[in-house]
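The structure appears right after this line, and notes come after that.
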Amino acid sequence: MNTHKTLALAALLAALGAPAALAQIRIGATLAETGPAGALGDPEARTLRLLVEQINAAGGVLGEPLELVLYDDGGDPNNARTFATRLVEHDEVVAIIGGTTTGTSLAIRSVAEEEEIPFISLAGGIEIIDPVQPFTFKTPHTDRMACEKIFEDMQAQGIARIGMISGTDGFGASMRTQCLSVAEAYGITVAADESYAPGDADMVPQLTNIRNTEGLQAVLNPGFGAGPAIVTRNYRQLGIDLPLYQSHGVAGQAFIDLSGAENAEGVRLPGTALLIADQLAGDDAQREAVVAYRDAYVGRYNEPVSTFGGYAHDALAILVDALTRNGEADPDPVDLREAIEATSGLVGTTGIYSFSAEDHLGLDLSAFRLLEIRNGGWTPVQ
Amino acid sequence: MKPKHLSLLVLTLLVVAAPFFFPSGFYYRIGALIFINAIAVTGLVILIGYAGQISLGHAGFAGIGAYACALAPEHLGLPPVAAILLGTALSAALAWLVGKPILRLHGYYLGVATLGLGILISMVLSNEAQWTGGPDGIAVPDLGLRGLLRDLGWRIGAGELWYGLAGTVMILGAWLALNLFDSPTGRALRALHGSEVAARTMGIDVARHKLHAFVVSAVYASVSGSLLALMNRLITPDVAGFMHSVQMVTMAVLGGVGSVLGAIFGATILTALPQLLTVFHQYEHMVLGLVMILVMIFLPDGLLPSLMKRLRGRDGE
């Protein structure tokens, strides 16, 4: 009996305390595989696992295999901070990828900056890299860029007066603020400004207010998760015939399935090349990277790729590229940071990255593609 | 030596000795989290264990303490230490105001009323984005203690500092709670826990004592929230969320809600277990639920008191 207890205790201690072998390059990740942002974190985690396997099968980086240490923070910043500390202090990783949401990214960032470990975030919020912090980078476009891309298209169509309906979740609230602040630069007036909570099941009252506002020419819906799908369905039920714009937060097959292809018909949103892999021109610079990732992902998991998995793909690609250029299997974190900052012309699924000391996002608006949903699929707007 | 002093001695020894067994700096972070959770759970021991009143909304008070530390330095120019005190004052005032009517309720009704209070606070924190930064949270200013120590010539890591600081506050909190246990107020609380009618017959002002217990436990939760905010340097409305409230009650019940040491033990297990279970994190909630069910069935007094009883029983044989 006592032996059993001792053994069980020893096993528990070993599970927590075992230091791992060092002949590998360890990459840390903390993602929201479960929880409210699970729809984003799950493809991110799957992508990292798949790519690390692929890289190792092809001989690793600098002749050493990669080891991925991945934790599920459930989207809770307090957990994310604990896991980030664990990755740095206990697992001794060379860099951290992660932070599915802006909140968790900010929590990880403070650890990364304190401990001076390179960190590549997968979240949209502009505050992650603005002002620039030395060790923090990110791969997705900011919500401000999404607003700019949408407003560019509106401007081209002569739309000057719009209604907005935003989620009050972190993503929706942040994008709403950014859109309001850049609207004027594009000569756009936001004449109706409605909101809904993440759990709401019906947006008819807010949309009725929008319908009753005089002189609107289009409606914009910043949000992610189920909310935008409900907005889209209610929008059609109310028979509103203005153009509907969604954000990059719903750039995945799940949105079309949830709202129904007939309801989503004609919806426009800024997305990445990943969603239109087959429609890319043969000489498109991103075509090769996008098709390779998509085929690998669909082949393994038998589900469509999403923009979010693409963010993780790009983060790992940037890291591997920097590790290779730095040339050391046990890199000094400061050297690795320099190598990441020197990234130039790296082709990812989201865009082509070139970092600099002032720009830790490294993308411009051209990487964003304006898409329209047609017949339940994505079509680039010319 | 009185059992009270023995408890405190054991606790202090554990806090001081544990770092000698830490294989890496990460364990200081886990230790500090355990202590911060234990502070809130000690407050719940006073409310649930001593006075027999349930609360499913104490994370709300942790939220008030946390956001006081984020907002008061920025808007009122208070130093963070004063912000902690402001948070406790606000939490105590709110607990007193709300506690007056809702502590008339019993059992499930009290549980639901406190649940509502917690949810209200968390909704305010996530919806008033112009003040609180919304669901993405808000940065919290530095406590400044590390800089102060550095100026005094003592360089110390953030992990070690917060381990020491949270540990000290937890021991202080445990000391106060243990003192309360044998005081006239503590005896009155335990009497009304046993039977409100009997307590009233003995001349105990039941409503006033319940309210005191509620306010004191809100202060514990608020301090715990403040420390969490100052340690993490970032706070989101999750700190006031329903799951955090449930987590606190679970920690208290698991370890033994009638005993301060037991509750701290519960906080230790439920904070450390998810770190052990990262390998099977999909099953984490299942394992926690299973542990909870088994403890309620086989060790209804909670882990520590039941184990102590077992041990004492064996000694007597």
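Values quoted throughout were computed directly from the atomic coordinates according to the rules given, and no laboratory measurement underlies them. Small disclaimer: the values here were computed from a predicted structure and weren't measured. Here the Cβ positions follow ideal geometry from the backbone for every residue, glycine too, while neighbour counts run over all protein chains shown.
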Apply the Debye scattering formula to region A:191-335, with a single equal point scatterer on each alpha-carbon and no solvent, then give log10 I(q)/I(0) at q = 0.09, 0.10, 0.16, 0.18 Å⁻¹.
-0.41, -0.49, -0.91, -1.04
quick shape note, chain A: Cα extents on principal axes in Å, largest first -> 74, 55, 39
Max mean-square fluctuation residue, GNM over chain B, Cα-Cα springs under 10 Å, options B:Ala198, B:Ala240, B:Ala95
B:Ala198
What is the distance in Å between the Cα centroid of region A:325-365 and that of region A:68-125?
18 Å
Per the charge dipole of region A:214-341 (beta-carbon charges, Lys/Arg positive, Asp/Glu negative, Cα centre), the residue among A:Ala281, A:Pro270, A:Leu336 reaching farthest to the positive end is A:Pro270
Give the value in nm², to one decimal: projected area of the alpha carbon convex hull of region B:125-261, averaged over all directions.
11.1 nm²
What is the order of A:Glu33, A:Glu67, A:Glu44, A:Glu303, fewest Cβ neighbours within 10 Å to most?
A:Glu303, A:Glu67, A:Glu33, A:Glu44
Which chymotrypsin sites (Phe, Trp or Tyr not before Pro) in region B:109-202 sit in a loop by DSSP (not H, G, I, E or B) and have at most 16 other Cβ atoms within 10 Å of their own Cβ?
B:Trp154
Could you state the orientation-averaged shadow area of the convex hull built on the Cα atoms of the protein assembly as shown, in nm² to one decimal?
34.7 nm²
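Most exposed first by the Cβ proxy, i.e. fewest other Cβ within 10 Å, how do A:Lys149, B:Lys309 rank?
Sorted ascending by nearby Cβ count, the order is B:Lys309, A:Lys149.
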Under a point spin-label approximation (7 Å from Cα along Cα-to-Cβ), what is the A:Ala261-A:Val204 distance to one decimal in nm?
2.7 nm
Which FRET efficiency, nearest 0.05, do B:Glu128 and A:Gln133 yield, Cβ-Cβ r, R0 25 Å?
0.40
Return the ratio Rg/(2.2 N^0.38 Å) for region A:266-318, where Rg is computed over Cα atoms only.
1.14
With a Förster distance of 45 angstrom and the Cβ-Cβ distance between B:Ala17 and A:Asp359, calculated FRET efficiency to the nearest 0.05 equals 0.35
Provide the per-residue ³J(HN,Hα) series for region A:291-302, in order, calculated from phi with Karplus coefficients 6.51, -1.76, 1.60 and θ = phi - 60°, each as a whole number of Hz, with x at glycine and proline positions.
5, 4, 5, 4, 4, 5, 5, 5, x, 7, 9, 6
Using the Kirkwood formula on alpha carbons, the hydrodynamic radius of chain B in angstrom works out to 20.1 Å
Quick one: Cα centre-to-centre distance for region B:160-182 and region B:265-279, in angstrom?
21 Å
With each run of n ≥ 4 DSSP H residues scored as -39500 (n - 2.57), what mean residue ellipticity at 222 nm is computed for chain A after dividing by its residue count and rounding to the nearest 500 deg cm²/dmol?
-13000 deg cm²/dmol
For region A:49-88, build the convex hull from the C-alpha positions and give me its volume per residue in Å³.
69 Å³
Could you check the simple spin-label distance between B:Phe242 and A:Ala281, using points 7 Å along Cα→Cβ, in nm with one decimal?
5.2 nm
The alpha-carbon pair-distance distribution computed for region B:17-117, with 5 angstrom bins and whole-percent values, is 2, 11, 16, 19, 15, 13, 12, 7, 3, 1, 0
Once Lys and Arg get +1 and Asp and Glu get -1 on their Cβ, which of B:Pro274, B:Gly157, B:Leu125 lies farthest toward the positive end of the dipole of region B:30-316?
B:Pro274
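Sequence gap at least 6, Cα distance under 8 Å: using those rules, report the relative contact order of region B:30-316 to the nearest whole percent.
In percent, rounded to a whole number, it is 36.
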When A:Ile276, A:Ile96, A:Ile25 are ordered from fewest to most other Cβ atoms inside 10 Å of their Cβ, what list results?
A:Ile276, A:Ile25, A:Ile96
Globularity index of region A:253-358, i.e. its alpha-carbon radius of gyration over 2.2 N^0.38 Å
1.29
Give me the one-decimal nm value for the distance between modelled label points at B:Trp96 and B:Phe298, 7 Å along each residue's Cα-to-Cβ direction.
4.7 nm
Just subtract the alpha-carbon distance of A:Gln157 and A:Asp332 from 0.36 nm times their residue separation and send over the number in nm, one decimal.
57.9 nm
Net lengthening on full extension, B:Lys2/B:Glu160 (0.36 nm per residue, minus Cα-Cα):
53.8 nm
Taking amide H positions as placed 1.01 Å from N in the peptide plane, with prolines and chain starts having none, which residues 5 or more places from A:Asp193, or on another chain, fall under 5 Å of its amide H?
A:Met164
Where a Cα-Cα gap under 13 Å defines reach, which aspartates and glutamates qualify for B:Lys210, not counting those fewer than 8 residues away within the same chain?
B:Glu196
